[in-house]
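A.B. asks: Take a look at the following structure, please.
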Amino acid sequence: MKKLIIVIAFTFILGGCAEQKILENISLMTLVGYELEDGGELSSTAVIRQINQDLESRVEIQSATAATSKWARTKIDLKTSKITGSGQLRVVLFGEKLAKEGLDHNLHILKMSAEISNATYLAIVEGDIKELLEYNYKNITDIGQHIYQLIQQNIEHHHALSSTLHEVNRDKYSLVKSYALPIIKKEEENIIITGMALFKDSKVVGQISADDTMYIMMIRERTHNGTLQLELPESTLDGLAEKSFDELAVAIDTIDSKPILKLVDPSVPEFDLTIKMECRLREINADLIVDEPKTIEKLEKEINHKIESEIKRIIKYSQDVNSDIFNFGERFRARVRNVIVDKEKWYELYPQMKVNVKVESQIVRDGVFQ
């Protein structure tokens with residue numbers, strides 16, 4: 001009984017010491033963007049949700065410029081009627097100039113904040129962050145929530161790589177990994193994802209288009225959904241249909257793919273990458289009878305060649321900018337025990353790496369319309 005009384009007493013004491021944050025007394029920061037100004041100061045633009053005593057909410061945008069993100073946050077507080085809290089922060093945006101200079105310091109500050117969730121998405125903005133956030137969009141009422149959902153749903157459908165604070169910091173502190181962040185931009189009345197920014201040592205070194213993201217996913221891990229549009233050569237139609245296109249456009253979806261990676265020569269290093277894939281033929285811009293075995297066989301052959309070509313192109317580009325977003329380095333380290341491989345060593349090896357790509361596709365069903 002005496003122990004129970006002590007526990008209850010400590011509960012009340014600790015509860016009284018905790019900082020209480022009543023919802024209607026604080027502002028909720030749901031998104032923040034950082035840009036590097038010409039003078040070297042940091043411009044911060046925040047999307048803030050204000051909630052009144054009747055639980056009605058409104059969204060406001062506030063900006064400030066300072067030498068540090070912490071002081072910029074303080075200057076934003078000076079413009080709001082309530083202190084801002086970061087517990088509901090869902091997205092952090094970085095300007096292009098800041099990303100080229102390097103995000104090490106910014107990522108460290110975010111990681112060290114106890115308020116900020118590790119599930120917060122990180123992204124790069126093409127163009128001006130303040131203009132993107134302050135624009136009066138006709139169909140967007142909460143810009144912070146809209147950008148969060150835009151990134152989330154495109155990650156789920158493999159049009160963007162997942163870029164949470166936890167995942168980025170994990171790759172940042174890895175011995176050999178690089179990471180990538182989605183790129184968003186304002187396009188007339190919309191906000192779109194244009195591609196992925198590739199990083200080396202926390203600095204942007206290149207980018208790939210959103211159309212190529214699915215190929216990266218197919219190399220990195222097993223996938224169970226996704227969509228690709230492939231431009232196949234006109235020769236695909238030989239003996240199957242009348243030629244009427246310079247290229248045959250084919251859309252495949254519900255992609256179930258499994259990568260098999262084998263290290264065949266550690267000295268190069270050289271890998272064999274085999275991707276086994278099942279897919280549905282969704283659309284084709286030619287009048288083909290797709291339920292005939294010879295048609296399916298020809299399409300599968302050309303799909304294999306096309307995907308192999310695209311994967312080789314993307315790997316070669318990542319080698320040119322020396323950003324290993326596929327985790328080849330991790331797999332190399334796991335298979336070679338007598339060689340010490342860190343980031344510096346892998347930066348030497350990665351551009352010389354050779355990958356032999358083979359795709360084995362199977363069209364398991366179709367829902368084609370012409």
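A.B. asks: Pick from the range 48-71 the residues that are open to solvent by 40 Å² or more (accessible area, probe 1.4 Å) and of a type in the set (S, T, Y): which of them is modelled with the highest pLDDT?
C.D. replies: T65
A.B. asks: If you don't mind, another one. Which residue is surrounded by the most Cβ atoms within 10 Å (Cβ to Cβ), if the candidates are limited to the range 304-319 and must be within 17 Å of V268 (Cβ to Cβ) and touching a residue at least 60 places away in the same chain (Cβ under 8 Å)? Step through it out loud before you land on a result.
C.D. replies: At the first step, the residues of the range 304-319 found to be within 17 Å of V268 (Cβ to Cβ) are 312, 315-316, 318-319.
Now drop any that are not touching a residue at least 60 places away in the same chain (Cβ under 8 Å), which leaves 315, 318.
Numbers: I315: 23, S318: 26.
The extreme case among them is S318.
A.B. asks: Of the residues in the range 156-184, how many are in contact with an Asp or Glu (Cβ under 8 Å, 6 or more places away or on another chain), of a type in the set (G, A, S) and crowded, with 19+ Cβ neighbours inside 10 Å?
C.D. replies: Counting residues in the range 156-184 that are in contact with an Asp or Glu (Cβ under 8 Å, 6 or more places away or on another chain), of a type in the set (G, A, S) and crowded, with 19+ Cβ neighbours inside 10 Å gives 1.
A.B. asks: Being touching a residue at least 24 places away in the same chain (Cβ under 8 Å), surrounded by fewer than 19 Cβ atoms within 10 Å (Cβ to Cβ) and not in a helix (DSSP H, G or I) is the filter here; which residues of the range 208-229 pass it?
C.D. replies: E221, R222, T223, H224, N225, T227
A.B. asks: Here is a further query. Please verify whether K301 is surrounded by fewer than 17 Cβ atoms within 10 Å (Cβ to Cβ), more than 26 Å from the chain's Cα centre (by Cα) and part of a helix (DSSP H, G or I), treating the condition exactly as stated.
C.D. replies: Details: surrounded by fewer than 17 Cβ atoms within 10 Å (Cβ to Cβ): yes; more than 26 Å from the chain's Cα centre (by Cα): yes; part of a helix (DSSP H, G or I): yes.
Judged against the criteria, K301 is a match.
A.B. asks: Report the residue count in the range 104-136 for those that are over 16 Å from the mean Cα position of the chain (by Cα) and either in contact (Cβ under 8 Å) with a residue 24 or more places away in the chain or more than 25 Å from K200 (Cβ to Cβ) (or both).
C.D. replies: Number of matching residues: 20.
A.B. asks: Which condition does N139 not pass, out of (1) open to solvent by 80 Å² or more (accessible area, probe 1.4 Å); (2) free of Cβ contacts under 8 Å to residues at least 12 places away in the same chain, if it passes all the others?
C.D. replies: So N139 meets the others, but not (2).
A.B. asks: Further question on the same structure: Output the qualifying pairs, or none if there are none: Cβ atoms under 7 angstrom, residues six or more apart or on different chains, first residue in the range 72-85 and under 17 Å from R58 (Cα atoms) and open to solvent by 50 Å² or more (accessible area, probe 1.4 Å), second residue among the β-branched types (V, I, T) and at pLDDT below 85.
C.D. replies: Listed pairs, sorted by first residue: I83/I26.
A.B. asks: Having 1 or more residues that are over 18 Å from E167 (Cβ atoms) and out of contact with any Phe, Trp or Tyr (no Cβ under 9 Å at 6 or more places or on another chain) is the bar; report the strands (runs of 3 or more DSSP E) wholly within the range 67-130 that clear it. Full working, then the answer.
C.D. replies: Details: elements: 83-85, 91-95, 121-126.
Per the criteria, 83-85, 121-126.
The values are calculated or read from the model by the stated rules, or taken from the named source; none is laboratory data. Remember, it's a predicted structure, so these values are computed and weren't measured experimentally. Every residue, glycine as well, gets a Cβ built from its backbone with ideal geometry; the counts of neighbours run over all protein chains shown. Surface areas here come from the heavy atoms of the whole protein model, side chains and all, with no ligands, DNA or RNA. Shrake-Rupley method; radii C 1.70, N 1.55, O 1.52, S 1.80 Å.
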